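Take a look at the structure set out below.
The values are calculated or read from the model by the stated rules, or taken from the named source; none is laboratory data. This structure is a prediction, so every number in the text was calculated from the model and none was measured. Here Cβ is always computed from backbone atoms with ideal geometry, including for glycine, and neighbour counts include all displayed protein chains. With ligands, DNA and RNA removed, areas are computed over all heavy atoms of the protein, side chains included. Shrake-Rupley method; radii C 1.70, N 1.55, O 1.52, S 1.80 Å.
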Amino acid sequence: PITVLGFDYGARRIGIAVGNRVTGSARALDVVGNGVNGPDWARIATLLREWRPDMLLVGLPLTLDAGEQANSQHARAFAAALHERHALPVELVDERLTSRAAADRFAERRAHGTARRKHAAALDAIAAEIIVEQWLRDFCAPS
């Protein structure tokens, strides 16, 4: 795959980022709602049409000792629904510590003037960016 979209699944919001294997880079794209009626599938479909990814990545929240937690099953169900709806390969990516890394990255961007407090909703998209970067590092690592 050359282009991937990564998702940071959450009960209220889902962060989305795009990554490119050729450049080895990722960037936060959007945050879509998730709630009682499920994810904003229409917005997700629009992003898929726009970016035409070869593969989808979904962050898998695990405990620090690599154990499953309640959110792990929700992320797995979301990944399965993505695959079923869009017929694209979906890979789960260990997302331990991405929330902390996303908060640190957001704070750094605020310190450099490239983000403002009102952009805090983008934190989930930054977490997705980190998930994609992690996958790119692992996928593109020399064997």
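Does region 49-72 hold any residues that are at pLDDT 95 or above and surrounded by fewer than 18 Cβ atoms within 10 Å (Cβ to Cβ), and which are they? Once the filter is applied, which keeps residues that are at pLDDT 95 or above and surrounded by fewer than 18 Cβ atoms within 10 Å (Cβ to Cβ), region 49-72 yields 49, 50, 51, 52, 54.
Is there a residue in region 37-45 that is at positive phi and in a strand (DSSP E or B)?
The answer is yes, given that some residue of region 37-45 is at positive phi and in a strand (DSSP E or B).
For region 46-78, a residue qualifies if it is touching a residue at least 60 places away in the same chain (Cβ under 8 Å) and outside any strand (DSSP E or B), and the qualifying residues are 71, 74, 75, 78. Scanning region 21-38 for residues that are without any contact (Cβ under 8 Å) to a residue 60 or more places away in the chain and either under 19 Å from residue 89 (Cα atoms) or open to solvent by less than 20 Å² (accessible area, probe 1.4 Å) (or both) yields 22, 32, 34. Considering only residues in region 1-20 that are open to solvent by less than 50 Å² (accessible area, probe 1.4 Å) and small (Gly, Ala, Ser), the one that is nearest to the chain's Cα centre (by Cα) turns out to be 6.
Modelled with pLDDT of 95 or more and part of a strand (DSSP E or B), is that true of residue 92? Yes; evaluated as a whole, the condition is true for this residue.
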